[in-house]
1. Could you go through segment 275-290 in sequence order and give the Karplus-derived ³J(HN,Hα) for each residue, using 6.51 cos²θ - 1.76 cosθ + 1.60 with θ = phi - 60°, rounded to whole Hz, and x for Gly and Pro?
2. Please determine, in degrees from 0 to 90 and to the nearest 10, the orientation of helix 185-198 with respect to the longest principal axis defined by the Cα atoms of the chain, where the helix direction is its Cα long axis.
3. Scaled to the compact-protein estimate 2.2 N^0.38 Å, what is the alpha-carbon radius of gyration of the chain, rounded to two decimal places?
4. Could you work out the relative contact order of the chain? I mean the mean sequence separation of Cα pairs under 8 Å and 6+ apart, divided by the number of residues, in percent.
5. Short version: ³J(HN,Hα) in whole Hz for each residue of segment 21-37, in order, from phi by Karplus 6.51 cos²θ - 1.76 cosθ + 1.60 (θ = phi - 60°), x for Gly and Pro, what are they?
6. From the gyration tensor of the Cα coordinates in segment 27-126, what semi-axes in whole Å does the equivalent ellipsoid have, largest first, with each one equal to sqrt(5λ)?
7. For the chain, what is the calculated [θ] at 222 nm in deg cm²/dmol (nearest 500), taking -39500 (n - 2.57) for each run of four or more DSSP H residues and dividing by its residue count?
8. For segment 127-192, which trypsin sites (Lys or Arg not before Pro) are both in a DSSP coil and crowded by at most 12 other Cβ atoms within 10 Å?
Amino acid sequence: MTPVEARAPKRWPLAVLAVIGIGLILAPVAFGMFSKAPDGASMMTSFSPFMTRHRLDGFQADMRDVGNAVAQGQQAIRHPGRARGGNRLLARVAPQFASFARQWRGVDSDMGGMLVKIKANLPNYQAMAALPSFRLFPWFFVIPGAILLVLAATGLARVAAWRALRWVAVVLGIALVLAPVGAQMFSRAPKGAQMMSTFKTIETRHHLRRIQGYFSEMAVGQGLVQLELVPALRHTDLGAAQIQARYPALHTLDASWVHILNDMTPMIAAMSNNINDYQAIASLPSFRLFPWFFLLPGVLVIVIALLGDRRRGRGAAERERPGLFNPVNQGVT
C-alpha cells in the first residue's frame, strides 16, 4: 500500500453523507410539502384576525346576547300583562318563539361548544404561529441536503479536500441539531399537533354547513323578537321604558344583531374557505415528529463526519514504515 493510499479517508462516510443529503432533499417531495406547506401558511394567515382572546371573547358574548334574549322572550310570554290585546298577540307569537327556543338549544350546544374548543386551543395556535413560516419548511430540508451532497461529491472527487470539508459537515450537523431547539419546536410542535387534532371535527364541510345554517335560524329568531314579540309587549300594560328595563336582552339583541352578523360571519367564512388548506396540513406527518426530522440527521452527520477522519490502512502503513525491528530493514531473509 502506498503512503497516499494510507492517508486516504474512508469512502463509506462520504457515501452515507450523500445518502442523508438525498434523503433530506426527497423528504419534502415525498410528503408533498412544496404544495401543502403554503396551504398551511395561508390557513394560519386567514385565522389570525380571529384567533385572539379579544375576538373569541366577543364571539362568546354574541352567543350570550342571543341566549339571554331567548330566555327573556320566554319569560315575557309566560308572564303576560293584564291587557287582553297584548296577551292575544303574545299567545300568537308563543308557538313560533317556543320553536325557535328549542332550535336555539341545539345551536348554542354545537356552535357554543365549537367556540369553547377554539378558545381552548388559542395557546396552541399561537405556538404554531410563532414557528417559522410554513412556506420555508421544505427548504429547511432541501438546502442542508444539497450542501451535504456537494460536500460528499467534493470529498470523493478531491481526497485532500475532505479533511477541511468534514468540518463544514460537522457545522452543518450542529445547525440541524440546533434548528428545532432555536425554533422551540420541541414545545411548539406538539401544541400544533394538538390543535390539528381538535380541528379535525371542526374543519369539515358537513359541520361548517351546519354552522352556517344556524345563522338563518338566529335571523328568524331575531325577526320574531323585532317584528312580533316586542310589538306584542307594547300592547300590554307595559310602557316602552318598562319593556326595556324588564327585558333588556330583547333590546340588546335588536340593537346588536347587525354587529353580531358582521362579527361572526367572517370567522365562519374563513373556516369554510380553509377546509382544503386544513386537510392538506393534516395529511402531513404529525407535527410532533418534525423536530426529530432535523435532530436525527444532524446527529448522524456529526458522527459520520468525525468518523470519516479515520484513515484506512493505518496498520499496513505502520508495518511499512522503516524501523529498528523491521526484518526487511535488518537484511533478514
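Just so you know, all these numbers are worked out from the coordinates, no wet-lab data involved. Everything quoted here is computed from the prediction, not taken from an experiment. Counting neighbours? That spans all protein chains shown, and the Cβs are built from the backbone with ideal geometry, glycine included.
1. 4, 5, 5, 4, 4, 5, 5, 5, 7, 6, x, 4, 4, 4, 7, 4
2. Helix 185-198 and the main axis of the chain meet at about 40 degrees.
3. Values: Rg = 34.8 Å, N = 333, 2.2 N^0.38 = 20.0 Å.
The chain yields a ratio of 1.74.
4. Values: 345 pairs, mean separation 134.0, N = 333.
Value for the chain: 40 percent.
5. x, 5, x, 5, 5, 7, 4, x, 5, 5, 7, x, 5, 5, 9, 7, 4
6. On the way: eigenvalues 432, 38, 18 Å².
The three semi-axes for segment 27-126 are 46, 14, 10 Å.
7. Numbers: 16 runs with 259 residues, N = 333.
Result for the chain, helices only: -26000 deg cm²/dmol.
8. Working: sites: ARG135, ARG158, ARG163, ARG166, ARG188, LYS191; in loops: ARG158.
Sites meeting the loop and neighbour criteria: ARG158.
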